[in-house]
1. Can you say whether Val109 is in contact (Cβ under 8 Å) with a residue 12 or more places away in the chain, out of contact with any Cys (no Cβ under 9 Å at 6 or more places or on another chain) and outside any loop (DSSP other than H, G, I, E, B), as far as the supplied structure shows?
2. Could you tell me whether Pro192 is free of Cβ contacts under 8 Å to residues at least 60 places away in the same chain, of a type outside the set (D, E, K, R) and either under 27 Å from Thr118 (Cβ atoms) or not in a helix (DSSP H, G or I) (or both)?
3. Would you tally the residues in segment 1-58 being surrounded by 11 or more Cβ atoms within 10 Å (Cβ to Cβ), more than 21 Å from the chain's Cα centre (by Cα) and either among the hydrophobic types (A, V, I, L, M, F, W, C) or in the same structural domain as Leu143 (by TED's automatic domain parsing) (or both)?
4. Which of the residues that make up segment 59-83 are more than 22 Å from the chain's Cα centre (by Cα) and in contact (Cβ under 8 Å) with a residue 24 or more places away in the chain?
5. What pairs come out if I take residues in segment 1-15 that are farther than 21 Å from Gly28 by Cα and pair them with residues that are surrounded by 11 or more Cβ atoms within 10 Å (Cβ to Cβ) and modelled with pLDDT under 95 whose C-beta lies under 9 Å away, six or more apart or interchain?
6. Name the single residue, out of those in segment 159-183 being surrounded by 16 or more Cβ atoms within 10 Å (Cβ to Cβ) and either closer than 30 Å to Phe53 by Cα or assigned by TED's automatic domain parsing to the domain that holds Thr115 (or both), that is farthest from the chain's Cα centre (by Cα).
Amino acid sequence: MSISHTLITQLVTLALDEDLNYQTAQEGDITAQLIPQNEQASAKVITREDCIFCGKDIILEVFKQVDPSVKVNVLINDGDAVKANSTLFTATGSARSILTAERTALNFVQTLSGTATTTAHYVKELSGTTTQLLDTRKTIPGLRALQKYAVKCGGGANHRIGLFDAFLIKENHIAACGTINKAVTQAKQNHPNKPVEVEVESLPELKQAIEAGADIIMLDNFSVEQIKQAVILTNKRAKLEVSGNMTLETLKTYSQAGVDFISSGALTKNLQSIDLSMRFEQF
């Protein structure tokens with residue numbers, strides 16, 4: 001998965017407009033105006049903690065929109081593991097412009113690197129198993145594509161991107177359609193080439209989903225013992241996904257039960273932003 005430059009441009013513009021109140025960088029940052037206009041500076045941004053870095057293209061775009069004359073050098077690539085106190089990028093040029101761009105750039109990087117780092121911790125717990133870690137749609141509004149990209153940088157994989165690329169038939173969909181079989185049949189008629197996933201809450205519902213021809217079945221809040229029974233019952237007739245209150249402490253136990261996927265909303269909604277700092281030097 002890659003992020004389109006058009007989307008990056010749009011998101012950076014929105015973030016800068018929020019900071020500058022829809023004014024130019026020269027007009028909107030009243031504190032930067034305290035610095036002489038021709039003052040030049042050099043700055044570096046470090047991480048104060050170990051992390052998986054994500055946000056290279058966004059850093060470049062932020063500084064490009066604020067002041068394309070500032071020379072920015074990002075020293076690492078998305079997905080790289082970085083030790084605490086390492087320099088992530090440097091910026092040289094107008095002191096005003098560097099300070100104006102600082103917070104917007106760091107806000108993106110701390111959030112996306114936090115997502116990637118959290119994902120990497122989860123992926124590490126699944127090492128040695130055949131279970132793949134998936135994200136969910138529980139993302140920060142407007143930042144879904146970026147956060148899902150960050151998940152991949154951390155070694156995870158993407159569940160469906162939105163409501164358009166795969167079916168996920170849940171309890172209320174089933175209630176409105178009448179039965180699991182009716183919902184799955186209609187889904188395959190409407191979009192025969194799109195994967196159909198059904199969320200079930202019991203072994204009888206699992207059996208119905210298998211018989212209906214679901215491609216993937218999500219076991220919602222199943223115990224480990226129930227999951228083992230589900231694996232036997234399914235017998236590879238569908239892919240199995242486990243979801244619901246997944247934590248670092250429980251991941252391996254659930255994966256060892258033999259499921260194909262574990263999905264976790266925590267990757268994108270419970271993330272801990274990475275602590276970053278800009279160190280500024282005047283010429």
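The values are calculated or read from the model by the stated rules, or taken from the named source; none is laboratory data. Because the structure is a prediction, the values reported are computed rather than measured. No Cβ is skipped: glycine too gets one built from the backbone with ideal geometry, and neighbour counts run over all protein chains shown.
1. Values: in contact (Cβ under 8 Å) with a residue 12 or more places away in the chain: yes; out of contact with any Cys (no Cβ under 9 Å at 6 or more places or on another chain): no; outside any loop (DSSP other than H, G, I, E, B): yes.
The answer is no for Val109.
2. Values: free of Cβ contacts under 8 Å to residues at least 60 places away in the same chain: yes; of a type outside the set (D, E, K, R): yes; either under 27 Å from Thr118 (Cβ atoms) or not in a helix (DSSP H, G or I) (or both): yes.
When the stated conditions are applied, Pro192 passes them.
3. Total satisfying the criteria: 9.
4. Phe63, Gln65, Val66, Asp67, Ser69, Val70 - these are the residues of segment 59-83 that are more than 22 Å from the chain's Cα centre (by Cα) and in contact (Cβ under 8 Å) with a residue 24 or more places away in the chain.
5. Every condition considered, the pairs that remain are Met1/Ile161.
6. Taking the candidates together, the pick is Ala166.
For (1) of a type in the set (Val, Ile, Thr); (2) surrounded by fewer than 21 Cβ atoms within 10 Å (Cβ to Cβ); (3) within 24 Å of Lys138 (Cβ to Cβ); (4) out of contact with any Cys (no Cβ under 7 Å at 6 or more places or on another chain), each residue gets a yes or a no:
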position	(1), (2), (3), (4)
Thr185	yes, yes, no, yes
Pro192	no, yes, no, yes
Pro204	no, yes, no, yes
Lys207	no, yes, no, yes
Met218	no, no, yes, yes
Ser223	no, yes, yes, yes
Ala230	no, no, yes, yes
Tyr254	no, no, yes, yes
Phe261	no, yes, yes, yes
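Results for (1) more than 21 Å from Arg279 (Cβ to Cβ); (2) among the charged types (D, E, K, R), shown as yes or no for each residue.
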residue: Ser4; (1), (2): yes, no
residue: Asp17; (1), (2): yes, yes
residue: Thr31; (1), (2): no, no
residue: Ile52; (1), (2): yes, no
residue: Lys64; (1), (2): yes, yes
residue: Val82; (1), (2): no, no
residue: Ala105; (1), (2): no, no
